[in-house]
Structures are given as structure tokens and as C-alpha cells.
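Some notes on the structure that comes next.
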Amino acid sequence: MSAERYEQILQRFADLRLVVIGDLMLDEYLFGIVRRISPEAPVPVVEWTEESYVPGGAANVVNNLLALGAQVSVFGVVGDDERGRILTAHLAESGAEVTGIVVDDSRITTSKTRVIAHSQQVVRLDREQRHPLCESVQRELLRRLEAVLPRTSAVVLSDYQKGVLTPSLVRAVIERCTSSGISVTANPKPPLLRHLSGARLASINLHEAQAFANSLGSDTELHALPQIAPLAQLWRQMLDIQALAITLGAQGILLSTEDFPSLHVPAMPVEVYDTAGAGDTVIALLTCALATGVDWDTAARLANAAAGSVVRHVGVVPPQRDEILRLIAENHHTG
């Protein structure tokens, strides 16, 4: 495929209207300097200098989709607190539609606070409540979702096990989307995999694949591609989903579909600085590519290039279309 063809596909992402449903988080960074050790305990005293906030969890999937040019509606919950308001404001300022965010006063907004001094993380503080959404909040999310489905190209389920994607909510979403002819993709944690029947695609990493294998009673350690490929095909059939993608780090991406039981795209030969957020990038690219009607092989190659582009940066960064195209050209996926 020519470089121009890949560029045309990426440009078509601007025509997509996508929905992301999942566990919204706020990543908070507190920066400071250390001059002394506390007299109260053998720990450094960090003198605050500045702070910043970045949407995380399912909100990072939203940021990835926005960076790719798609229009995005966000569905999830925040607490009735300042962090929830900050997170919602950040998403709105980035261009996302936030009318699907429900304020749930039974929980606090999920947040991760990292204290950084001299470019090193000193400590991380997590604030979260993982109890499943109550039925009334699930009904409200579904009510708001039904209002946007007629203009939706695809729905992404982004699971971080914080209680939003309950089995009942997931089933209801898939049923509504199926009846409307809308594809559902997901980047689930292993327990949610069993509830995705009817979805078009699920994407997991190797660690999650190992956990799922263990949950099925296997104690075999997954390493080699020939060992993993038949399992991917078996799981796809067992889970009743159209496709299963497994990201394999340095080994690339393995995709199993009915037409391609074992499609392997090798990893881009890039210098890896940080893999955080790469899974969000993969599901974002696969969702966009499939929503434009491209074949599985092209979708997987684009997702692989996007993942290669983001792991070359320190920290969680969204993919950039120019960098994706450059990586594809450099690694001879055009012709």
C-alpha cells in the first residue's frame, strides 16, 4: 500500500464520531525540590514548585482519539469533587463532548497523584473507590448513550477495573449497539473478557493474556508467538468476538480473526523509552481504522506504527499522524 493511501486513511478519521465508555481518571503531578530529610521520619521533604493535571484511564483513550482527529463523546462517572470538575473541564477544553459524564456522589473521582523531585518519582498516592456502579447510574449512562448512538461510528469500552464497566452495563451497551449496527471495541481487563460476546474487537496485552490463561486453569507461561497464536484463536471463538488482538511488546501485535486466525505484525524497530499508554493507543488506532472500513491487516499495521510512535517518548503522549506515517515509510510498509 502506498504512503498516500495510508495518509488518506488517517485523514478519514476526522469524519468519525466515536464514543468512549469507561473508567475516567485524573493524573496529578506535583513537582518540587528536595533539600533535606524530614526530622519526623527518614523520608525526603519535597518543597512544592508547580503542579499539572492530565486525563488518564479511559480519558487517555479519549485524548488518543482526539489527537487522531476523531470527534469523541465521553461516558463515565466522576465524584462530586474538585478533581472531577478538573477532569471534566480538561476533556471539554480538549474538544471532547462531556455530556455523558455522570456525577456519582457515592464515590470520589479516581486520581493518581505523583510527587516528582529532580526528575524522579518520590511517591504515588491513589484515590479511588472500585465498587460497581449502582443501577440508577447505569440507567442514566444508558439513557444518555441512546441520545448519541444515532450519530456514532463506533463505541470503545475502556476498562481499568474501577467499577464503571459492570457486566450488566457492558451487555446492555453491546445489545444496543448491535441493534443499531454500531461496532464495539474494548481494551478489557481479563475478568471483563467473558462479557464481550458480540463485540467486534478486544485488545489485551501479554500480561493480561497470561492472567486470562491462568483464570482458565493453565499454569503455562506465555512467551513464544507459536505458543500464543493458537490460544488467541481459541479464545476469540470461545468469547464470541470477531477479533482478538494481543500486544506483545517487542514482538509486536498478534491479531486473530475469522479470516486471519494468526496475523502477526512485528514491532517497529524503535528505541523504547516508556510503554505507558501504548495499549490505549492501540485500541484507539484499531477502532478508528476499522470504523473507516479498512481491512484487518491495514488496521493492525497502523496500530503497530502508532504504538511504536508513542513508546519513543517519555510519559503518556498521544500519537501524531505525521510520526505514524514516517514510521510506516521507514519500515517499508509502503510500496
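The values are calculated or read from the model by the stated rules, or taken from the named source; none is laboratory data. Everything numeric in this text was worked out from a predicted model, so none of it was measured. All Cβ positions, even for glycine, are placed from backbone atoms using ideal geometry, and neighbour counts span all protein chains on display.
Number of residues in the range 232-256 that are free of Cβ contacts under 8 Å to residues at least 24 places away in the same chain and surrounded by 20 or more Cβ atoms within 10 Å (Cβ to Cβ): the value is 1.
Would you mind stating whether ALA209 is of a type in the set (Gly, Ala, Ser), more than 19 Å from GLY22 (Cβ to Cβ) and within 18 Å of the chain's Cα centre (by Cα)? Yes.
Every residue, every condition in (1) more than 25 Å from THR178 (Cβ to Cβ); (2) at pLDDT 95 or above; (3) part of a loop (DSSP other than H, G, I, E, B), yes or no:
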{"site": "LEU234", "(1), (2), (3)": "no, yes, no"}
{"site": "ILE241", "(1), (2), (3)": "no, yes, yes"}
{"site": "LEU244", "(1), (2), (3)": "no, yes, no"}
{"site": "ASP259", "(1), (2), (3)": "no, no, yes"}
{"site": "PRO269", "(1), (2), (3)": "yes, no, yes"}
{"site": "VAL272", "(1), (2), (3)": "yes, no, yes"}
{"site": "ALA276", "(1), (2), (3)": "yes, no, yes"}
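Yes or no, residue by residue, for (1) surrounded by fewer than 17 Cβ atoms within 10 Å (Cβ to Cβ); (2) at pLDDT 95 or above; (3) not hydroxyl-bearing (Ser, Thr, Tyr):
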| residue | (1), (2), (3) |
| --- | --- |
| THR88 | no, yes, no |
| ALA96 | no, yes, yes |
| GLY100 | no, yes, yes |
| ASP105 | yes, no, yes |
| THR110 | no, yes, no |
| VAL115 | no, yes, yes |
| HIS118 | yes, no, yes |
| GLN121 | yes, no, yes |
| LEU125 | yes, yes, yes |
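Considering the range 257-266, and only residues there that are touching a strand residue (DSSP E or B) at 6+ places or on another chain (Cβ under 8 Å) and hydrophobic (A, V, I, L, M, F, W, C), the residue that is surrounded by the fewest Cβ atoms within 10 Å (Cβ to Cβ) turns out to be LEU263.
Of the residues making up the range 279-318, those that are modelled with pLDDT under 90 and either under 11 Å from SER203 (Cβ atoms) or in contact with a Cys (Cβ under 9 Å, 6 or more places away or on another chain) (or both) are GLY279, ALA307.
If you check ASP81 against the conditions, is it over 23 Å from VAL173 (Cβ atoms) and at pLDDT 95 or above?
On the way: over 23 Å from VAL173 (Cβ atoms): yes; at pLDDT 95 or above: yes.
Here the answer is yes, as ASP81 does meet what is asked.
Just one of the listed residues (ILE283, ILE204) is of a type outside the set (Gly, Ala, Ser), in a helix (DSSP H, G or I) and in contact (Cβ under 8 Å) with a residue 40 or more places away in the chain, namely ILE283. Among residues of the range 317-328 that are over 14 Å from VAL62 (Cα atoms), those with a Cβ under 7 angstrom from a residue that is among the hydroxyl-bearing types (Ser, Thr, Tyr) and modelled with pLDDT of 80 or more, sequence gap 6+ or separate chain, pair up as LEU325/TYR6; ILE328/TYR6.
Looking at ALA211, ALA199, ALA229, ALA186, which one is out of contact with any strand residue (DSSP E or B) (no Cβ under 7 Å at 6 or more places or on another chain) and either assigned to a helix (DSSP H, G or I) or surrounded by 14 or more Cβ atoms within 10 Å (Cβ to Cβ) (or both)? Quick ask: steps written out before the conclusion?
Values: ALA199 fails: out of contact with any strand residue (DSSP E or B) (no Cβ under 7 Å at 6 or more places or on another chain); ALA229 fails: out of contact with any strand residue (DSSP E or B) (no Cβ under 7 Å at 6 or more places or on another chain); ALA186 fails: out of contact with any strand residue (DSSP E or B) (no Cβ under 7 Å at 6 or more places or on another chain).
Of ALA211, ALA199, ALA229, ALA186, the one residue that is out of contact with any strand residue (DSSP E or B) (no Cβ under 7 Å at 6 or more places or on another chain) and either assigned to a helix (DSSP H, G or I) or surrounded by 14 or more Cβ atoms within 10 Å (Cβ to Cβ) (or both) is ALA211.
Pick out, from the range 49-155, the strands (runs of 3 or more DSSP E) lying fully within it that include 1 or more residues that are aromatic (Phe, Trp, Tyr) and in contact (Cβ under 8 Å) with a residue 60 or more places away in the chain. Working first, answer last.
Values: elements: 71-78, 97-103, 111-117, 120-127.
Where strands (runs of 3 or more DSSP E) fall fully within the range 49-155 and carry at least 1 residues being aromatic (Phe, Trp, Tyr) and in contact (Cβ under 8 Å) with a residue 60 or more places away in the chain, they are 71-78.
When ARG5, ARG35 are screened for being more than 26 Å from SER158 (Cα to Cα), among the basic types (Lys, Arg) and modelled with pLDDT under 95, only ARG5 passes.
Picking from residues in the range 24-45 that are buried (at least 18 other Cβ atoms within 10 Å of the Cβ) and of a type in the set (A, V, I, L, M), the one that is farthest from ARG107 (Cα to Cα) is LEU30. I'd like the full set of residues that are assigned to a loop (DSSP other than H, G, I, E, B), aliphatic (A, V, I, L, M) and within 24 Å of LEU87 (Cβ to Cβ), limited to the range 1-48. Once the filter is applied, which keeps residues that are assigned to a loop (DSSP other than H, G, I, E, B), aliphatic (A, V, I, L, M) and within 24 Å of LEU87 (Cβ to Cβ), the range 1-48 yields only LEU16. Checking each residue in the range 141-183 for being surrounded by fewer than 17 Cβ atoms within 10 Å (Cβ to Cβ), at positive phi and out of contact with any helix residue (DSSP H, G or I) (no Cβ under 8 Å at 6 or more places or on another chain) picks out only GLY181.
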